[in-house]
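Asks: Next up is a structure, given as structure tokens.
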Amino acid sequence: MNEYIGSPFKSIGEIVTERDLPYTLIRNVEWIHKEYHNEDVRTLGIFAVQSLERSLAASLLSGTTIAKACLACDEQLGLETGTSLAMFRHFLARKIWAVNMNEKISPSGSANGFYVIETKDQLAKGG
């Protein structure tokens, strides 16, 4: 048994369940995980994906909302609407990018705590 009353951590050997994790974190993981295996990576090719990554990251870092940044990126690169949003989720799922997972990720809002963890090298490996 955990010796710290009210501690969010389990003792070694205890199972962590959905009840032990914050609701927002669980919903965010569910939302981004759907794009872990995104076929657009192969379809678009490495150069288009890298261009999308750079353009979208720059917009998000400037504070543009996720939806506006993704739509602008789709239009700029001539992509089907929704492609950049799917790739945003893919980059998060693959841990190429990060956001504050304890705050709800909402396309109509900004990407809270957004930062780039890793770039092109991971994508070149088929990520």
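Asks: Looking for whichever is more than 15 Å from residue 88 (Cβ to Cβ) and either hydrophobic (A, V, I, L, M, F, W, C) or modelled with pLDDT of 95 or more (or both) here; the options are 26, 66, 32. Which one fits? Talk me through it step by step, then tell me what you get.
Replies: On the way: 66 fails: more than 15 Å from residue 88 (Cβ to Cβ); 32 fails: more than 15 Å from residue 88 (Cβ to Cβ).
Step by step, each of 26, 66, 32 is checked, and only 26 is more than 15 Å from residue 88 (Cβ to Cβ) and either hydrophobic (A, V, I, L, M, F, W, C) or modelled with pLDDT of 95 or more (or both).
Asks: Hey, which of the helices (runs of 4 or more DSSP H) in the range 30-127, taking only ones fully inside, have at least 2 residues that are open to solvent by 50 Å² or more (accessible area, probe 1.4 Å) and touching a helix residue (DSSP H, G or I) at 6+ places or on another chain (Cβ under 7 Å)? Steps first, answer last, please.
Replies: Working: elements: 40-44, 46-61, 66-77, 83-93, 120-124.
Hits in the range 30-127: 66-77, 120-124.
Asks: Ok, one more. List pairs: first residue in the range 51-76 and of a type in the set (Ser, Thr, Tyr), second residue in a loop (DSSP other than H, G, I, E, B) anywhere in the structure, Cβ distance under 8 angstrom, at least six positions apart or on different chains.
Replies: 64/110; 65/107; 65/108; 65/109; 65/110
The values are calculated or read from the model by the stated rules, or taken from the named source; none is laboratory data. Since we're looking at a predicted model, the values are computed, not measured. Every residue, glycine among them, receives a Cβ derived from its backbone with ideal geometry; neighbour counts consider all protein chains shown. Side chains are part of the model used for accessible areas, which takes the heavy atoms of the whole protein and leaves out ligands, DNA and RNA. Shrake-Rupley method; radii C 1.70, N 1.55, O 1.52, S 1.80 Å.
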